[in-house]
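Trainee: Below is one structure. I have some questions about it.
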Amino acid sequence: MYNEAVRYLVLALALQLGCVQPRSARCKQVCAREYECVTSTSSSIPFDEKECIAACAVLEADPDNLAKVQKHADCVTKHLACTDVLDCQ
């Protein structure tokens, strides 16, 4: 229940800020790769590329979260296998 509430709060914030937040190339690239991996592996992970980009842009704009965004982006871009990409935290 708590995780669901947090998820909706983050999504609401992302959508609200996403309307005015510029989309970075990094976020687009990472989310596109993750979407590709989710669909190609027939993963059961619910994934929306636009939501991913919006949430990423919000996190990227926060100095406290920028290092986490960079670490995740590095993980996604260095792995060739989709199973490894989907394991990135």
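The values are calculated or read from the model by the stated rules, or taken from the named source; none is laboratory data. Just so we're clear, the structure is a prediction, and the values are computed from it rather than from any experiment. Cβ placement follows ideal geometry from the backbone for every residue including glycine, while neighbour counts extend to all protein chains displayed.
Trainee: Note down all Cβ pairs under 6 Å where the first residue falls in segment 15-42 and is aromatic (Phe, Trp, Tyr), the second is modelled with pLDDT of 95 or more, and they're at least six residues apart or on different chains.
Mentor: Listed by first residue and then by second, the contacts come to Tyr35/Glu49.
Trainee: Considering only segment 40-89, give the helices (runs of 4 or more DSSP H) lying wholly within it that have at least 3 residues that are exposed (fewer than 13 other Cβ atoms within 10 Å of the Cβ) and not aliphatic (A, V, I, L, M).
Mentor: Where helices (runs of 4 or more DSSP H) fall fully within segment 40-89 and carry at least 3 residues being exposed (fewer than 13 other Cβ atoms within 10 Å of the Cβ) and not aliphatic (A, V, I, L, M), they are 66-78.
Trainee: Could you pull out the residue among Ala5, Ala25, Ala14 that is modelled with pLDDT of 55 or more, over 12 Å from the mean Cα position of the chain (by Cα) and farther than 16 Å from Asp84 by Cα?
Mentor: Ala25
Trainee: Then there's this: Please go through segment 75-89 and pick out each residue that is among the β-branched types (Val, Ile, Thr) and more than 17 Å from Cys27 (Cβ to Cβ).
Mentor: Scanning segment 75-89 gives a single hit, Thr83.
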